[in-house]
């Protein structure tokens, strides 16, 4: 589906919400036209209440498929807003891999319920994956590999393949009676062999393996560079436990890249556009605090030259703090908005709601860090008017930074300029100029 059509669906749905019109037909169209992963992104474009109203109109099976594709924070918002009777069907008949992807932050009662609804085979797979940490390959391995005992005939291997036919399969794996991996047989070779041939008599190949304890990022690189559709995974005893295919490998790499991008701005890749104000404030406050330490370090070096400065030395020493706090706050909002624009989640209709939410987050963090900085400034210089000056400047600059973080990428996008490339430069300029004007202007009024 094109980005234009995706955005059109968001706008139509918003219009229905605003005019309190029936959503039944548009929910049916969404279920017929969009894939679950697209709907997971689509739902993020709405605040929680209208999101729930639309969610209830989807079929149970489609709800579960969407739920599996959602980001963790979006799932938690949904589970918190619904009672258990509405939540439990989302965990029916899950396979081990699906449940493993959901377990982060998931209540134990949901995990226990999901396990009780699994088949015996999937329970075994889930237990096996739990033996590894979440950064080890064994935790994320898939269990759809085709493995055949060397004692069986070629006909058995063919039947097994035709029955399961997992995607991205170019080999079947030959094992002994201890499940140790002996080698691999390409499907192209298997299909031309005589059905009555015993697999032990076939000249199968030695295959590249991955150890279950290996770091999942390194393992993903190996699969991508191997030239194979998938690589088998073995445990410490050489027994075949699962496999990692190209789709999963690229997925892990993409998630790692996204995490690094968002962490560079002090955000979580899992943050929902309409997550709670308090949760967003908490997520970002930590990085604002880290940034504060580096900003005061720069100010301390400037303060080493205090003896050579004139009457307004304190203003010169504290200027980097004002500029830096505005810059990091604006970059957090900027990163979130750029992602929303890229995914088609932000439109003319919901832009104001997002702006209000971001300003509330900025107000909370602005008051918090303005107070902290004010007290530190008072303890440093013993000047209450200077503390008031920097409090006003910090609060104002964080508010302006969040406002700019929404509007700068939006306007650049309208002008067909890539906000990912130029947004940070413009945002930094805006926050620096406003921060210095606010700080020095208040200083002139209150200190001189």
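The values are calculated or read from the model by the stated rules, or taken from the named source; none is laboratory data. It should be emphasised that the depicted structure is a prediction, and the values quoted were computed from it without experimental measurement. Glycine gets a Cβ as well: all are built from the backbone with ideal geometry, and neighbour counts include every protein chain shown.
Looking at 422, 387, 404, which one is at pLDDT 90 or above, part of a helix (DSSP H, G or I) and closer than 30 Å to residue 344 by Cβ?
Being at pLDDT 90 or above, part of a helix (DSSP H, G or I) and closer than 30 Å to residue 344 by Cβ holds for just one of 422, 387, 404, which is 404.
Residue 120: at negative phi, assigned by TED's automatic domain parsing to the domain that holds residue 93 and more than 31 Å from the chain's Cα centre (by Cα), yes or no?
Yes; evaluated as a whole, the condition is true for this residue.
Could you tell me how many of the residues in segment 88-106 are under 22 Å from the mean Cα position of the chain (by Cα) and either assigned to a helix (DSSP H, G or I) or modelled with pLDDT under 90 (or both)?
Count: 13.
Determine whether residue 411 is at pLDDT 80 or above, within 36 Å of the chain's Cα centre (by Cα) and within 21 Å of residue 362 (Cα to Cα). Spell out the reasoning first.
Working: at pLDDT 80 or above: yes; within 36 Å of the chain's Cα centre (by Cα): yes; within 21 Å of residue 362 (Cα to Cα): yes.
In short, yes.
Can you find a residue that is free of Cβ contacts under 8 Å to residues at least 24 places away in the same chain and closer than 23 Å to residue 47 by Cα anywhere in segment 356-379? Full working, then the answer.
At the first step, the residues of segment 356-379 found to be free of Cβ contacts under 8 Å to residues at least 24 places away in the same chain are 356, 371, 374-375, 378-379.
Restricting the remaining residues to those that are closer than 23 Å to residue 47 by Cα gives 356.
Scanning segment 356-379, I find at least one residue that is free of Cβ contacts under 8 Å to residues at least 24 places away in the same chain and closer than 23 Å to residue 47 by Cα, so the answer is yes.
Restricting to segment 206-230, give me the number of residues that are under 17 Å from residue 167 (Cα atoms), over 26 Å from the mean Cα position of the chain (by Cα) and assigned to a strand (DSSP E or B).
0
Among the listed residues 139, 125, which satisfies the condition of being surrounded by 15 or more Cβ atoms within 10 Å (Cβ to Cβ) and in the same structural domain as residue 100 (by TED's automatic domain parsing)?
None of the other options fit; the residue is 125.
Would you call residue 347 in contact (Cβ under 8 Å) with a residue 24 or more places away in the chain, part of a loop (DSSP other than H, G, I, E, B), under 19 Å from residue 404 (Cα atoms) and assigned by TED's automatic domain parsing to the domain that holds residue 414?
yes
Considering each residue of segment 201-220, count those that are more than 23 Å from residue 129 (Cα to Cα) and surrounded by 14 or more Cβ atoms within 10 Å (Cβ to Cβ), and give that number.
Here the count works out to 2.
Which of the residues belonging to segment 351-375 are within 18 Å of residue 442 (Cα to Cα) and surrounded by fewer than 17 Cβ atoms within 10 Å (Cβ to Cβ)?
Those that are within 18 Å of residue 442 (Cα to Cα) and surrounded by fewer than 17 Cβ atoms within 10 Å (Cβ to Cβ): 367, 371, 375.
Take residue 178 and decide whether it is in a loop (DSSP other than H, G, I, E, B) and modelled with pLDDT under 95.
yes
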